[in-house]
Amino acid sequence: MTESVLEVRNLTKVYRQRRGEDVLAVDDISFTVKKNEVVGLLGPNGAGKTTTIKCICTLVRPTGGSIRINGTDAQRNTRIALRHVTAVLEGNRNIYWRLTVRENLEFFAGLQGIPSGWVRNYIDELIELFQLKEKERTDARKLSRGMQQKLAVACALVKKTEVLLLDEPTLGLDVETSHELRFTLKEMARRGERTIILSSHDMSVVQDICERVIIVNNGKIVTDDEVANLLRLFQASAYRFEIEGRLDEHQAKQLEERFDLLRISGTDHHTEIEAQLEDGNRIYEVMDILKAGDSRIRSIARKEPNLEEIFLNIVKGGKN
Ligand SMILES: Nc1ncnc2c1ncn2[C@@H]1O[C@H](COP(=O)(O)OP(=O)(O)OP(=O)(O)O)[C@@H](O)[C@H]1O
Ligand SMILES: [Mg+2]
């Protein structure tokens, strides 16, 4: 059996407010993460992702529940527990502005008590991996925001802790830099050297990097499953119907009332309807509605799902 590196049990966080109502940010969540697992924490704004991550790295004190890191209780033995964790928090590029790229990496390796001579190869590798070679002698303050973000993640990696927490690592990066960082994280994940918990509200990031996803909404876990399972589950039940012309209002209303619609779109000439059908036989019910009126059905196909739709569906409270 693979050991679990992180155990979150009944974690609850209430932010007490002097004025106004208290905020229940995390509502009794439990999950465990195994060694070398790469887990995505996915949820809309305000779902509780950052709070969960901050509780794990002890920046926020939980109102209830417990967190064990490598078997050590994070609240009782914070110092020991934190030896195993590094976090890169949302928007917080925890690097030294006046040190160069390489010096930053050497500094963070040194903090962990790793002599720089020893890790030189690893630092070279990280600089390469994060495409920072050209800038290795440049002060961090002179890097672009995306490069600073990459450097922050590289500095977290160089500490070689067992667990890496990344809060919205690709937030605010341009498409290219985001892809580079994703590629690098995927590479880390593929090597299976590190336990990574990564929060994002960008499903494609999670779909790309993580093998497992925990979807949170309103402070609660709504799904915890392997990404591949979720995709498969939806693949079996998501359909796309294409008809000529437009749907009339009555048809649209009927569909909406009776089915779990993912999308209706189209032009004057054709309409595409995507729906989640828990039972393949319900295709005929959809067809009956479509055939009433003058709509001619052009095609019916199973739809390749993506995590974004699955996510929206689950968060909206649809079935899966
Ligand atoms: N320091 C704080 N004081 C009071 N309320 C807070 C504090 N930090 C977060 N909250 C509230 O807790 C809830 C969860 O916030 P959190 O930042 O954990 O969400 P998130 O999932 O990270 O969202 P986002 O995607 O926007 O980063 C929100 O309602 C937020 O307003
Ligand atoms: Mg957040």
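List of remarks:
- Inter-residue pairs, beta-carbon under 6 Å, first touching a residue at least 40 places away in the same chain (Cβ under 8 Å) and in the stretch 160-175, second within 15 Å of ligand 1 (Cβ to nearest atom) and among the acidic types (Asp, Glu), 6+ apart: 167/90; 168/90
- For the stretch 49-58, the set of residues classified as of a type in the set (Ser, Thr, Tyr) and either outside the structural domain of residue 89 (by TED's automatic domain parsing) or more than 6 Å from ligand 1 (Cβ to nearest atom) (or both) consists of 52, 58, listed by residue number.
- Restricting attention to the stretch 186-221 and to residues that are hydroxyl-bearing (Ser, Thr, Tyr) and not in a helix (DSSP H, G or I), the residue that is farthest from residue 34 (Cα to Cα) turns out to be 200.
- Of all residues in the stretch 133-158, those being buried (at least 20 other Cβ atoms within 10 Å of the Cβ) and either of a type outside the set (Val, Ile, Thr) or not in a helix (DSSP H, G or I) (or both) number 12.
- Complete set of residues in the stretch 30-48 that are over 16 Å from residue 203 (Cα atoms) and more than 16 Å from ligand 1 (Cβ to nearest atom): 30, 32, 33, 34, 35, 36, 37
- So residue 183, is it assigned to a helix (DSSP H, G or I), farther than 18 Å from residue 34 by Cβ and of a type in the set (Phe, Trp, Tyr): yes
- The stretch 1-55, subset part of a loop (DSSP other than H, G, I, E, B), over 25 Å from residue 186 (Cβ atoms) and among the basic types (Lys, Arg), residue nearest to ligand 2 (Cβ to nearest atom): 16
- Qualifying residue in the stretch 70-79 (condition: under 21 Å from the mean Cα position of the chain (by Cα) and of a type outside the set (Ser, Thr, Tyr)): no
- Only one of the listed residues (41, 82) is surrounded by fewer than 23 Cβ atoms within 10 Å (Cβ to Cβ) and aliphatic (A, V, I, L, M). That residue is 82.
- Residue within the stretch 34-42 that is free of Cβ contacts under 8 Å to residues at least 24 places away in the same chain, in the same structural domain as residue 223 (by TED's automatic domain parsing) and not hydroxyl-bearing (Ser, Thr, Tyr) present: no
- Of residues in the stretch 186-208 being within 19 Å of residue 5 (Cα to Cα) and under 13 Å from the mean Cα position of the chain (by Cα), the one farthest from ligand 2 (Cβ to nearest atom): 196
- Residue check, residue 243 assigned to a helix (DSSP H, G or I) and either under 36 Å from the mean Cα position of the chain (by Cα) or closer than 24 Å to residue 204 by Cα (or both): no
The values are calculated or read from the model by the stated rules, or taken from the named source; none is laboratory data. Because the structure is a prediction, the values reported are computed rather than measured. For neighbour counting, all protein chains shown are included, and Cβ atoms are generated from backbone atoms with ideal geometry for every residue, glycine included.
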